[in-house]
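Encoded as structure tokens, the structure appears first; notes follow it.
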There are 2 protein chains.
Amino acid sequence: MSIRLGIVGLGKIARDQHLGAIEATGGIELVAVASRNATLDGVASFNDIQDLLSSDTEIDAVSLCTPPQGRFEQARAAIEAGKHVMLEKPPGATLSEVHALEALAKEKGVTLFATWHSREAAAVEPTRALLAQRTIRSVAVEWKEDVRHWHPGQAWIWEPGGLGVFDPGINALSIVTRIMPVPFHLVRSDLFFPENRAAPIAASLVFEAVGGMAVTAEFDWRQTGPQTWDIRIDTEEGPVVVTHGGSRLTVDGEQRMVEEDREYRNLYKHFVQLVGEGRSDADFSPLVHVADAFLLGRRHAVEPFED
Amino acid sequence: MSIRLGIVGLGKIARDQHLGAIEATGGIELVAVASRNATLDGVASFNDIQDLLSSDTEIDAVSLCTPPQGRFEQARAAIEAGKHVMLEKPPGATLSEVHALEALAKEKGVTLFATWHSREAAAVEPTRALLAQRTIRSVAVEWKEDVRHWHPGQAWIWEPGGLGVFDPGINALSIVTRIMPVPFHLVRSDLFFPENRAAPIAASLVFEAVGGMAVTAEFDWRQTGPQTWDIRIDTEEGPVVVTHGGSRLTVDGEQRMVEEDREYRNLYKHFVQLVGEGRSDADFSPLVHVADAFLLGRRHAVEPFED
């Protein structure tokens, strides 16, 4: 039987990615939407998740596409009601709350899927397999995009808990934590805050892996023109380069892979599998690195940002 | 046989607390010290942990009393060499590094003890037992002290990773995470940074526990005169008040406990037990809350601080 799904939060990410991916995925169907501001033709629509959960519309799972601030109560209510839960990235506004959700999901016997869509990019798993066979010298991440293009007028992203430039940066970290064969931790963090905003517009990070290997990351939201989502891994055997957010892979100078984006379709396929197997998938390590970046961050003021 | 211990870092906390506590504890003896700036009469002295580990002085364990920044490499080297490790609080400068240490200690089969000395205060366990039987309405933490008195000239504490007012504040959080019967997570964080410092001098936190119960915490390093380390728990059955950093307990208006400070003696006693039983004790939840406080923190500038 198909999983009856409710989407909570019908904003930009839900419309750009989730609706089409659900439509294209077998084993799951959209039966309800909870959104303050929007409804969807042909689907039962509710004002919020409480209205949905107390309605006659039967659902098995919810997918939370709301901003991270305030998502805890929605997830908690769904899990308490025995629903499986899929969380957009980042999984929450704090680490303590996502740990609490994980414990609650385990207690209630439902699936919790903390998604990292960039991990579903085509080059990620091949790169992981390749790096397990190689000796890494260094890793350099460059994730630079134009916030005005990708987050037009999204005020929540500049508020505490909205992560600022770490909203895209956490995508890079979700890939790096997946492909690296050894753990790494932050040793220096420089954060660049517009004078009029509560979240950083750029970040410069230096990590160290066990063995002393350096991992660096440059995140910047002020890039106009071509956008950059690249991870360059220098290995003793030659360079491994993952570009275009994880969809293209070049190994030792030779292009290995150019794939179309199937990230969200892969996420829903994985969610259907997890529910079927009664498992959860909740790796919070990308958010741990982001929390570390704030904890260890040295703050620098830069010019005000206006949408 | 007694555990042969090396102390790394012979600064204020080692001299004020560790040396006397080790002396007073059975089953463990100090045989070495590693410190850049100081030696100890009658004990083998080394410049750093690398010199100690490669020397003829045999040790079974190390106690790290250095500042949290840079402690990872010391702990890693000790664990790799098969030594048990005891960490002063906070256990590290980042969460990722302490997670890595935990995994490494497990792999190497040595004891890792991430200490929280305030949890050893006399009133903590009785309060935990009491609260398990009561219905909590709210919790209010007030932790206010004079940084000039407690951390004279300690520059590292104002640097990124030094935590600022969370250095004492994490003591309060280590108690609250221990006595509370349910988990809680941050929903608002205001951080007050002196204009000339990279760490906060005060913080105002609002947490929510599952069920909606409020936990608030006020940390301030600008308090002269009487110092305040109080936790007030309002329960349906009456007030439970833990004061003096956890050494005094008042229940329903009646004083139950006034104890002398045995925190560090208890820590070393616990470490001897852990090593004897081949176990670790590494609960990082107080540091998770602090990382959350920076992640979710709204920054406010306050007047410069000069030592």
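Values in this text are rule-based calculations from the coordinates and carry no lab data. These numbers were taken from a predicted model, which means no experiment stands behind them. Counting neighbours? That spans all protein chains shown, and the Cβs are built from the backbone with ideal geometry, glycine included.
The table for this structure:
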quantity	calculated
Sum of side-chain charges, A:VAL241 neighbourhood, beta-carbon under 12 Å (Lys, Arg +1; Asp, Glu -1)	-2
Non-local Lys pairs in chain A, i.e. 8 or more apart or on different chains, that have alpha carbons under 18 Å apart	5
Inter-label distance, nm, simple model (7 Å from Cα along the C-beta direction), A:ASN196/B:THR57	5.9
The protein assembly as shown - convex hull of the alpha-carbon atoms, volume per residue in Å³	168
Residue-by-residue Karplus 3J(HN,Hα) for region A:64-75, coefficients 6.51, -1.76, 1.60, Hz, glycine and proline x	9, 10, 7, x, x, 5, x, 6, 4, 5, 5, 5
Point-to-point label distance, A:THR39-A:HIS300, nm (Cα→Cβ direction, 7 Å offset)	5.1
Region A:82-203, relative contact order [Cα under 8 Å, separation at least 6], %	27
All-pairs alpha carbon distance profile, chain A, 10 Å steps from 0, percent	6, 27, 34, 24, 9, 1, 0
Principal-axis tilt of helix A:263-277 within chain A, Cα atoms, nearest 10 degrees	60
With at most 13 neighbouring Cβ atoms within 10 Å, loop trypsin sites (Lys or Arg not before Pro) (DSSP) excluded, longest segment of chain B	B:37-278
Gyration tensor verdict on region A:164-216 (Cα atoms; rounded if a/c is under 1.5, prolate if a/b is larger than b/c, oblate otherwise)	oblate
Sum of -39500 (n - 2.57) over DSSP H runs of 4+, divided by residues of the protein assembly as shown (222 nm, nearest 500)	-8000 deg cm²/dmol
Position B:ASP48, label points 7 Å along Cα→Cβ, spacing to each other copy in nm (shortest first, one decimal)	5.5
Average partner coverage of A:153-164, which counts Cβ from other chains inside 10 Å	2
Position B:THR135, label points 7 Å along Cα→Cβ, spacing to each other copy in nm (shortest first, one decimal)	6.6
10 Å Cβ neighbours from other chains, averaged over peptide A:89-101	5
Whether region B:1-76 is rounded, prolate or oblate, judged on the alpha carbon gyration tensor where a/c under 1.5 counts as rounded	rounded
Degrees, to the nearest 10: A:95-108 long Cα axis against longest axis of chain A	50
Relative contact order for chain B, counting Cα pairs under 8 Å that sit 6 or more residues apart, in percent	20
Virtual spin-label span in nm between B:GLU236 and B:HIS149, 7 Å along Cα→Cβ	4.0
Residues with amide H under 5 Å from that of B:ASP281, placed H, sequence gap 5 or more	B:LEU112, B:PHE113, B:ALA114
Counted charge near B:GLU145, where neighbours are those whose Cβ lies closer than 14 Å (Asp, Glu -1; Lys, Arg +1)	-3
Loop-located GluC sites (Glu not before Pro) in region B:50-107 whose Cβ has at most 14 other Cβ within 10 Å (DSSP)	B:GLU58
